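Please read the structure below before turning to the comments.
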Amino acid sequence: MVGQSGQVYELRNNRAVYPILNDIKEISSTQDTCLALTSKGTLYELTRYDGQFSKVKLSCISLPVVSFACSYSHCIALDKAGVVWVWGPNRKGELGLGDCAERRTPSQMSGLTSKRITSVLASDGFSVALCKVDQQKRKTTKPKEQENFSPQVCSF
């Protein structure tokens, strides 16, 4: 549970027992885990194993995280440099890494390095990365303010 002060609390018997994390800006969860993003861009993974809560700083993502999402089965994060990170069971290839191998820690999605990614989304069986379109390279009759985030296929 996240309190008004940005603290994440563990719940026991429907009561908040003690704060696990402070300064939380955003939170999302999968079936088995929960991600919490601090206001400084540090991403934590919260899990429960044998009744004990644990928090792990995802230190492999060294730059601040600007966007992240979780679905039923996997997670995706975007760091400040525009690098997309994915992890989870990957049963349907939803991580976009060209296989169906499980990734227990974040893996860099190399197929998107040349794109200007601004946001990420996770859903059951697929991941989405929103690419910002370079207006100088597109010929269009629409005003620029309507074209900033046009749908575009980013193969990965």
Legend entry - Residue count for region 55-85, restricted to those that are of a type in the set (Ser, Thr, Tyr) and assigned to a strand (DSSP E or B): 1
Inset, instruction - Of all residues in region 101-125, count the ones that are modelled with pLDDT of 85 or more and farther than 25 Å from Lys57 by Cα. - result: 1
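Quick grid of which residues meet (1) under 24 Å from Lys25 (Cα atoms); (2) without any contact (Cβ under 8 Å) to a residue 40 or more places away in the chain; (3) not aromatic (Phe, Trp, Tyr):
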| site | (1), (2), (3) |
| --- | --- |
| Gly41 | yes, yes, yes |
| Ala77 | yes, no, yes |
| Val86 | yes, no, yes |
| Asp99 | no, yes, yes |
| Gln108 | yes, yes, yes |
Legend entry - Total residues in region 86-124, condition in contact with a Phe, Trp or Tyr (Cβ under 7 Å, 6 or more places away or on another chain) and part of a helix (DSSP H, G or I): 2
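The values are calculated or read from the model by the stated rules, or taken from the named source; none is laboratory data. Everything numeric here is computed off the predicted structure, so don't read it as measured data. Reconstructed Cβ throughout: ideal geometry from the backbone, glycine too, with neighbour counts over all protein chains shown.
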